[in-house]
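Data first, discussion second: the structure below is written as structure tokens.
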Amino acid sequence: MHRLTIWAPEGLPEIVAGTDLGVAIGDLLAAQEPADRPAEGDVVVVTSKIVSKAEGQVVAAADREQAITDETVRVVATRERPDGPPLRIVENRLGLVMAAAGVDASNTPEGTVLLLPKDPDASARALRAALRARFGLDRLGVVVTDTAGRPWRAALVDIAIGAAGIAPADDLRGGTDTHGRPLNVTVTAVVDEIASATELVRGKATGRAVAVVRGADRHLSDDDGPGAATLVRTGPEDLFREGSREAYDRGRADALKPLGHAAT
């Protein structure tokens, strides 16, 4: 039998700019029963919201739309909505393709919005170092999560935008399935699966921003590892890089080139 255990302790204090997140989360976890404190091979999962708050990523923004524009490096798709501003799917400065560039206006003071951490992998590495020292651990993973939609699927899930001490993906290519067939393309996004699983015990409006995962130790690494940024699909591998309008315009321009016509 293989078992995965996940729990989300309560009692994390309000996080503000300048909060030492390693200390705050360390105090929260140290206050738990001995069996529920971090152990060798565990993964500590935290929401990007508290990381952003601690790092001072709360910015004044009377207009959330302007904050989204400022965080956008590429517009993928837009859709007008009768009851509000247009929905924008964009690539943000981290390379993540998300609705509203990941700009969050919930659980922040009126007139402000919350941006994503500047470098979520670096945030995960710093938190891992602090927690390893606090609890005297060698093998500990840290995952920083954020909520995202998925093409062709309704509703939201949490994904990993930062990771340290854990392999972001499990590459099964070169192996075989249970029937002996070769696995040629299977690579599972381990940190995304962990991030999504913890949301089941953390919740969106409970104040439980930290979770501990036990049983995923085979995915842990001795060093910080490459981070979650390696899961961002960019360039030629991104089959949906363009929105429909952009793809149409480019296709039309390419079609007219051999004819010597100018696209208008």
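The values are calculated or read from the model by the stated rules, or taken from the named source; none is laboratory data. Owing to the predicted nature of the structure, the values given are computational and were not obtained by experimental measurement. So basically every Cβ, Gly included, is an ideal-geometry build from the backbone, and we count neighbours across all protein chains shown.
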Problem - Out of 139, 153, sole residue that is modelled with pLDDT of 90 or more, within 21 Å of residue 37 (Cβ to Cβ), surrounded by fewer than 18 Cβ atoms within 10 Å (Cβ to Cβ) and not β-branched (Val, Ile, Thr) - result: 139
Problem - Which listed residue is assigned to a loop (DSSP other than H, G, I, E, B) and not aliphatic (A, V, I, L, M), from 178, 147 - result: 178
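This table checks each residue for (1) more than 21 Å from residue 19 (Cα to Cα); (2) of a type in the set (Ser, Thr, Tyr); (3) over 12 Å from the mean Cα position of the chain (by Cα).
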{"site": "73", "(1), (2), (3)": "yes, no, yes"}
{"site": "77", "(1), (2), (3)": "yes, no, yes"}
{"site": "82", "(1), (2), (3)": "yes, no, yes"}
{"site": "87", "(1), (2), (3)": "yes, no, yes"}
{"site": "110", "(1), (2), (3)": "no, no, yes"}
{"site": "114", "(1), (2), (3)": "no, no, yes"}
{"site": "130", "(1), (2), (3)": "no, no, yes"}
{"site": "148", "(1), (2), (3)": "yes, no, no"}
{"site": "174", "(1), (2), (3)": "yes, no, yes"}
Problem - Qualifying position, being touching a strand residue (DSSP E or B) at 6+ places or on another chain (Cβ under 7 Å) and either closer than 20 Å to residue 202 by Cα or in a loop (DSSP other than H, G, I, E, B) (or both), among 46, 76 - result: 46
Practice task
From 73, 90, grab the single residue that is closer than 25 Å to residue 229 by Cβ and either surrounded by fewer than 14 Cβ atoms within 10 Å (Cβ to Cβ) or of a type in the set (Phe, Trp, Tyr) (or both).
Solution key: 73
Handout entry: Pick from the range 53-71, criterion part of a loop (DSSP other than H, G, I, E, B) and of a type in the set (Asp, Glu), ranking: nearest to residue 85 (Cα to Cα)
Key = 63
Completion exercise
Considering the range 202-243, residues that are in a loop (DSSP other than H, G, I, E, B) and among the β-branched types (Val, Ile, Thr), and then whichever is nearest to residue 161 (Cα to Cα), we arrive at 232
Exercise for the section: Could you please find all residues in the range 104-123 being assigned to a helix (DSSP H, G or I) and surrounded by fewer than 19 Cβ atoms within 10 Å (Cβ to Cβ)? Expected result: 122
Completion exercise
Restricting attention to the range 181-201, the residues that are over 19 Å from residue 228 (Cβ atoms) and either aromatic (Phe, Trp, Tyr) or in a loop (DSSP other than H, G, I, E, B) (or both) number exactly 5
Completion exercise
Over the range 50-70, the set of residues among the charged types (D, E, K, R) and surrounded by fewer than 17 Cβ atoms within 10 Å (Cβ to Cβ) is 63, 64, 65, 70
Fill in the blank from the handout: If you go through 126, 101, the only one that is touching a Lys or Arg at 6+ places or on another chain (Cβ under 8 Å) and surrounded by 14 or more Cβ atoms within 10 Å (Cβ to Cβ) is 101
Exercise for the section: Assess whether residue 22 counts as being on the phi > 0 side of the Ramachandran plot and either acidic (Asp, Glu) or crowded, with 18+ Cβ neighbours inside 10 Å (or both). Expected result: no
Fill in the blank from the handout: Going through (1) outside the structural domain of residue 225 (by TED's automatic domain parsing); (2) assigned to a loop (DSSP other than H, G, I, E, B) one by one, residue 137 fails only at (1)
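For every residue, the table says whether it meets (1) modelled with pLDDT under 90; (2) touching an Asp or Glu at 6+ places or on another chain (Cβ under 6 Å).
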| site | (1), (2) |
| --- | --- |
| 72 | no, no |
| 78 | yes, no |
| 101 | no, yes |
| 108 | yes, no |
